[in-house]
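Asks: Here it is, the structure, as structure tokens.
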Amino acid sequence: FIKRVSMQIISYIKEDWRLRPWWMSLIFYFCIYMTLIYMPFDIFYKPVETDEEVWFGFTLHGWYAKLTEPLHWLIYGLGAYGFWRMKSWMWPWASVYLGQIVIAMFVWNQLDPRGGGVVSGLISAGIFCLPLIAMVLARRKFTG
């Protein structure tokens, strides 16, 4: 039974993977992971004392982080739904969110003691520019 169900799930994922470009499927499945696994852990299990959330490169700690987690959860949930159904509203908002990540990667490397400074920030931001550019150019893929 478990093997049959596993094979059906794998078959479904393979079919679903072909519905969008590979990089977009990666983002979609990342959103599913964040929505169903990581964010519930983060919100309901992780202690407030160790909690951190990053917004535009600024790291929030403790209760400030805990109080913004539901917003991250909502963003990932909407992202999962939008990519799953390839909703037309998803294209601009995914691009905006990816742009925010590009900014955050640069800013975080400047502000956080764990960051690597300007060069590391430019490299990190540059890496995330790739999916941002791909998303901006993918407008016609979103029709749902």
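Asks: How much area per residue is accessible in the chain when the probe is 1.4 Å and only protein heavy atoms are counted (Å²)?
Replies: 65
Asks: Continuing with the same structure: Each label point is 7 Å from the Cα along the Cα-to-Cβ direction; what then is the distance between the points at GLN110 and PHE1, in nm?
Replies: Rounded to a tenth, the inter-label distance reads 5.8 nm.
Asks: Something else now. Starting from the Cα of ILE127, move 7 Å in the Cα-to-Cβ direction to define the label point; list residues of segment 77-112 whose amide nitrogen is under 13 Å from there.
Replies: 102, 105-106, 109
Asks: With loop defined by DSSP as not H, G, I, E or B, and exposure as at most 13 other Cβ atoms within 10 Å, which is the longest segment of the chain clear of exposed chymotrypsin sites (Phe, Trp or Tyr not before Pro)?
Replies: Within the chain, the longest run free of exposed chymotrypsin sites (Phe, Trp or Tyr not before Pro) spans 90-144.
Asks: While we're looking at this one, here's another question. Return one number: the angle in degrees, 0 to 90 and rounded to the nearest 10, between the long axis of the Cα atoms of helix 22-33 and the longest principal axis of the Cα atoms of the chain.
Replies: Roughly 70 degrees, rounded to the nearest 10.
Asks: Distance in nm between label sites at ILE13 and LYS141, each 7 Å beyond Cα in the beta-carbon direction?
Replies: Taking the two extended label points, one gets 1.9 nm.
Asks: Nearest 10 degrees is fine. How inclined is helix 2-17 to the longest principal axis of the chain, computing both from alpha carbons?
Replies: Here the helix axis deviates by roughly 80 degrees.
Asks: From the backbone phi of segment 103-110, what are the Karplus-calculated ³J(HN,Hα) couplings (6.51 cos²θ - 1.76 cosθ + 1.60, θ = phi - 60°) in whole Hz, Gly and Pro given as x?
Replies: The phi angles translate into 4, 4, 4, 6, 4, 4, 5, 8 Hz.
Asks: Starting at 0 and stepping by 5 Å, how many percent of the alpha carbon pairs of the chain end up in each bin?
Replies: Each 5 Å bin holds this share of Cα pairs: 2, 9, 15, 18, 18, 17, 11, 7, 3, 1, 0.
Asks: Kindly provide the trypsin sites (Lys or Arg not before Pro) of segment 3-33 that DSSP labels as loop, not H, G, I, E or B, and whose Cβ sees at most 13 other Cβ atoms within 10 Å.
Replies: ARG18
The values are calculated or read from the model by the stated rules, or taken from the named source; none is laboratory data. From a predicted model like this one, the values you see are computed outputs, not experimental measurements. In this analysis, Cβ positions are derived from the backbone assuming ideal geometry, glycine residues included, and neighbour counts consider all displayed protein chains. Each accessible area value is taken on the protein alone, full model and side chains, heavy atoms only, with ligands, DNA and RNA left out. Shrake-Rupley method; radii C 1.70, N 1.55, O 1.52, S 1.80 Å.
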